[in-house]
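The values are calculated or read from the model by the stated rules, or taken from the named source; none is laboratory data. The model shown is predicted, which means the values in this text are computed figures rather than measured ones. Virtual Cβ from ideal backbone geometry, glycine too; neighbours counted across all protein chains shown. With ligands, DNA and RNA removed, areas are computed over all heavy atoms of the protein, side chains included. Shrake-Rupley method; radii C 1.70, N 1.55, O 1.52, S 1.80 Å.
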Amino acid sequence: QTKPFTDFYANRLGRDGYRPECKACNLAARKAKYAENPAPYIARVKKWQQENADRLNAYRREYRQRPERKRADRDAHLRRKYGIGIDEFEALLAAQGGGCAICGAPPPEHGSLHVDHDHATGAVRGLLCVSCNNALGAFRESHDVLRAAADYLDRDDELAALACSRAQALTV
């Protein structure tokens, strides 16, 4: 076949400055050779990584800090764990007024709200701040326990009012 020079790799030692086989044939041959015995190729990469650990780690840190990478990682985490993507997360946050579904607190400066979900069904209920999310967990997501806690708080107010009235009666 006749092909343009752009379909060939450069080779300074070649008479015309190009390799004798085209890029497609070269890649097919390399792929077949790798499939036949990948061990030396893997060993070469591992050796380079060990010899250049600082350079490799610096690149990996920089790569993970890229905004598009962070967003893609967050999207993958949300999809894997809760079945929603970053776009659904942001829509849910906007629907909640930009804050916690219970107390309304805005997301922390360097963090995000937690995805609250029903542990039995996996259905997402809303986005919560750390305090509200931990409180629901501490109350075992039980309506009865939450009502008992609310009744306890009301009782405490009633006891405080009773104590104040008794103290006032004693001073008169």
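Once the 1.4 Å probe is applied to the protein heavy atoms, region 1-154 comes out at 77 Å² accessible per residue.
Can you list residues whose amide H is under 5 Å from Phe8's amide H, if they're 5+ apart or on another chain and H is modeled 1.01 Å from N? Result for Phe8 returns Lys23.
Note that region 145-159 has calculated 3J(HN,Hα) couplings of 5, 5, 5, 4, 5, 5, 4, 4, 5, 5, 4, 4, 5, 5, 5 Hz, one per residue in order, obtained from phi through the Karplus relation 6.51 cos²θ - 1.76 cosθ + 1.60 (θ = phi - 60°); glycine and proline are x. Nonpolar atom fraction for the chain, defined as the carbon and sulfur part of the 1.4 Å probe accessible area, stands at 55 percent. Placing one equal scatterer on every Cα of region 54-93 and applying the Debye formula, the log10 ratio I(q)/I(0) at q = 0.28 Å⁻¹ is -0.86.
The phi-based Karplus calculation (6.51 cos²θ - 1.76 cosθ + 1.60; θ = phi - 60°) puts the 3J(HN,Hα) values of region 81-90 at 8, 10, x, 10, x, 5, 5, 5, 4, 5 Hz, whole numbers, x for Gly and Pro. Taking amide H as placed 1.01 Å from N in the peptide plane, the amide H of Leu127 sits under 5 Å from that of Ala101, Asp116, each at least 5 places away or on another chain. Straight-line cross-link reach from Lys33 at under 27 Å between alpha-carbon atoms covers these lysines, not counting any fewer than eight positions away in the same chain: Lys3, Lys23, Lys46, Lys47. 5 Å is the cut-off here: which amide hydrogens, built 1.01 Å from N in the peptide plane, fall below it relative to Ala105, excluding neighbours closer than 5 in sequence? It is Cys100, by chain and number.
Arrange the residues His143, His117 by how much accessible surface each exposes, largest first, with a 1.4 angstrom probe. Before the final figure, lay out the partial values.
Details: His143 125, His117 35 Å².
From most accessible down to least: His143, His117.
Rounded to 0.05, the FRET efficiency of the Ala32 and Arg80 pair, given R0 = 35 Å and the Cβ-Cβ distance, is 0.50. Between the helical axis of 23-36 and the longest alpha-carbon principal axis of the chain there is an angle of about 70 degrees.
Ignoring ligands, DNA and RNA, how do Asp116, Asp75, Asp16 rank by accessible area with a 1.4 Å probe, largest first? Kindly include the intermediate steps, with their values, before the conclusion.
Working: Asp116 15, Asp75 35, Asp16 95 Å².
Sorted by accessible area, descending: Asp16, Asp75, Asp116.
Report the extension gain between Leu170 and Ala58 in nm, rounded to one decimal, defined as 0.36 nm multiplied by the number of residues separating them, less their alpha carbon distance. Let's see the in-between values first.
Working: separation 112, 0.36 × 112 = 40.32 nm, distance 7.32 nm.
Stretched fully, the Leu170-Ala58 segment lengthens by 33.0 nm.
Here the calculated FRET efficiency for His117 and Glu68, from their Cβ-Cβ distance with R0 = 25 Å, stands at 0.40, rounded to the nearest 0.05.
From the mean inverse distance of alpha carbon pairs (Kirkwood) and the Cα radius of gyration, derive Rg over Rh for region 52-128.
Values: Rg = 15.5 Å, Rh = 14.0 Å.
For region 52-128, the value is 1.10.
Extent of region 1-126 along its three principal axes (Cα atoms, max minus min coordinate, largest first): 75, 38, 30 Å. Along the axis of the charge dipole computed for the chain (Cβ charges of +1 for Lys and Arg, -1 for Asp and Glu, origin at the Cα centre), the listed residues Ala105, Asn52, Gly122 are led at the positive end by Asn52.
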